Every structure is written in structure tokens, then in C-alpha cells.
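See below for the structure under consideration.
The values are calculated or read from the model by the stated rules, or taken from the named source; none is laboratory data. All figures in this text were calculated on a predicted structure; none of them were measured in a lab. Neighbour counts run over all protein chains shown; Cβ positions are idealised from the backbone, glycine included.
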Amino acid sequence: MQRARDEFMAHGFDDTLVTVCQRDVCTDGFDVDSAVADAIFLDLPSPWLAIPFAARCLKPGNFII
């Protein structure tokens, strides 16, 4: 997790732009109550399990590719 955070920071994405956390999003979803994300990066063995949760987090007009 720290390595990912460091990588984002090295490329100019600070904590106001990117949230890095460790969580089982395939079973527990994301720790947000509304559509707040412009994008979601899933580096998971089975990312399709997190798609329903990810879709709820995206701001209107955004989509999952």
C-alpha cells in the first residue's frame, strides 16, 4: 500500500487527488456512501467481483472500462 502511495506521489498525485487503502472490495465494497470517484483502479486477481461496488462509487457520467 505504501509503495502504491509513493508511486502516485512521485507522479504528482497527492492525497487530495488519490485515496490509497487496503480493503477487500470484492466482498466489502468501497468505504464511501456516495458517488465520489472520477476513476477507480482495480489491481485485483478477480476485478469483476468488485464491479458492482465500483459502479456505485463513480460520479454520474463516468463508466468502467
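Computed quantities for the displayed model
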read-out	value
Residue satisfying condition, being under 12 Å from the mean Cα position of the chain (by Cα) and either at negative phi or not in a helix (DSSP H, G or I) (or both), within set D33, D43	D43
Filter result for M9 (more than 13 Å from the chain's Cα centre (by Cα) and of a type in the set (A, V, I, L, M, F, W, C))	yes
Positions within the range 1-30 being assigned to a loop (DSSP other than H, G, I, E, B) and of a type in the set (F, W, Y), in sequence order	F13, F30
Residue within the range 52-65 that is in contact with a Cys (Cβ under 8 Å, 6 or more places away or on another chain) and part of a loop (DSSP other than H, G, I, E, B) present	no
For P45: the one exception among (1) modelled with pLDDT of 90 or more; (2) surrounded by 12 or more Cβ atoms within 10 Å (Cβ to Cβ); (3) of a type outside the set (D, E, K, R)	(2)
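For every residue, the table says whether it meets (1) modelled with pLDDT under 85; (2) surrounded by 13 or more Cβ atoms within 10 Å (Cβ to Cβ); (3) of a type in the set (D, E, K, R).
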site	(1), (2), (3)
Q2	no, no, no
R5	no, yes, yes
A10	no, no, no
V18	no, yes, no
F30	no, yes, no
V36	no, no, no
L49	no, yes, no
R56	no, yes, yes
G61	no, no, no
